[in-house]
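Structure, as structure tokens:
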Amino acid sequence: MAERKASVERNTLETQIKVEINLDGSGKADFDIGVPFLEHMLDQIARHGLIDMHIHCRGDLHIDDHHTVEDVGITLGQAFAKAVGDKKGIRRYGHSYVPLDEALSRVVIDFSGRPGLHMDVPYTRASVGGFDVDLFMEFFQGFVNHSQTTLHIDNLKGVNTHHQIETVFKAFGRALRMALEADPRMADMMPSTKGCL
């Protein structure tokens with residue numbers, strides 16, 4: 001399998017972003033985004049997905065976090081699409097259940113070539129540390145639209161909103177790791193009866 005790295009820049013009047021990823025890394029992460037809770041969650045993806053991830057963003061945080069969070073999701077999705085290439089030899093599907101104390105979440109992903117987000121997270125609070133938790137829907141929508149993935153996210157149990165969200169991001173990282181693994185039985189085969197994804 002070829003080296004799976006990507007670097008993507010996205011510049012708009014609202015955000016200026018640079019993302020670098022290595023899908024076959026060790027979980028090293030470096031973030032300069034200006035939204036600490038988002039950075040904490042992105043670190044979960046890197047650590048549990050064993051994906052090296054470097055994201056630098058300058059956004060219009062004086063307005064609010066919306067554009068920054070959404071555009072980071074978009075740019076990260078573009079980087080994944082670029083790094084994964086033609087998808088030959090990967091497992092394609094990944095899933096994970098992750099608990100954190102009272103919270104439990106399940107994430108299932110398919111590198112299908114078709115964007116689709118189905119997210120059911122009944123947050124018990126509207127914000128964590130000043131961060132509007134509704135923005136995570138925008139993050140994941142941006143990611144699936146630009147990575148061309150189908151993503152199902154379900155928080156099955158949870159009382160503490162921080163725990164709910166953290167289990168989602170840990171499970172997302174682990175599901176990514178499974179889906180992107182090389183399947184030795186597939187070699188250079190396309191994991192689809194259509195012959196393309």
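Nothing in this text is a laboratory measurement; each read-out follows from the coordinates by a stated rule. All figures in this text were calculated on a predicted structure; none of them were measured in a lab. Positions of Cβ are backbone-derived with ideal geometry, glycine not excepted, and every protein chain shown enters the neighbour counts.
For L104, L23, L61, the sequence from fewest to most other C-beta atoms within 10 Å is L61, L104, L23. Annotation for segment 88-158 versus segment 25-48: alpha-carbon center distance of 16 Å. Please arrange H67, H118 by counting, for each residue, the other beta carbons lying within 10 Å of its beta carbon, fewest first. Arranged by neighbour count, lowest to highest, H67, H118 become H118, H67. Fewest-first ordering of T68, T150, T167 by other beta carbons within 10 Å of each residue's beta carbon gives T150, T68, T167. Sorted from longest to shortest, the spans of the Cα atoms of segment 109-194 along the three principal axes equal 46, 22, 18 Å.
Taking a spot 7 Å from the Cα of R114 along the direction of its beta carbon, which residues of segment 143-174 have an amide N less than 19 Å from it? Counting only backbone N, you get 143-153. Sorting 119-125, 31-37, 44-50 by their mean Cβ neighbour count within 10 Å, with the most densely packed peptide first, gives 44-50, 31-37, 119-125. Residues whose amide H lies under 5 Å from that of L117, counting only those 5 or more places away or on a different chain, are L151; hydrogens are built 1.01 Å from N in the peptide plane. Sequence-ordered 3J(HN,Hα) estimates for segment 70-79 from the Karplus curve with 6.51, -1.76 and 1.60 and θ = phi - 60° stand at 5, 6, 5, x, 4, 5, 5, x, 4, 5 Hz, glycine and proline given as x.
When each of the peptides 126-132, 82-88 is scored by how many other beta carbons lie within 10 Å of its residues on average, the order from highest to lowest is 82-88, 126-132. Calculate I(q)/I(0) for segment 5-180 by the Debye formula, one identical point scatterer on each C-alpha and no solvent, and give its log10 at q = 0.20 Å⁻¹ to two decimals. Ignoring solvent entirely, the Cα scatterers give -1.46.
Computed over neighbours whose Cβ is under 13 Å from that of A179, the net charge equals +3, Lys and Arg +1, Asp and Glu -1. The GNM of the chain, with springs linking C-alpha atoms under 10 angstrom apart, assigns the highest mean-square fluctuation among S96, S147, S26 to S26. Can you give the direction-averaged projected area of the convex hull of the alpha-carbon atoms in segment 19-98, in nm²? For segment 19-98, averaging the hull's shadow over all directions gives 5.8 nm². Given Cα pairs under 8 Å that are at least 6 residues apart, what percent is the relative contact order of the chain? Relative contact order here is 27 percent. Converting phi to 3J(HN,Hα) with the Karplus coefficients 6.51, -1.76 and 1.60 and the offset θ = phi - 60°, segment 182-193 yields 6, 9, x, 7, 8, 6, 9, 7, 7, x, 7, 6 Hz in sequence order, with x at every glycine or proline.
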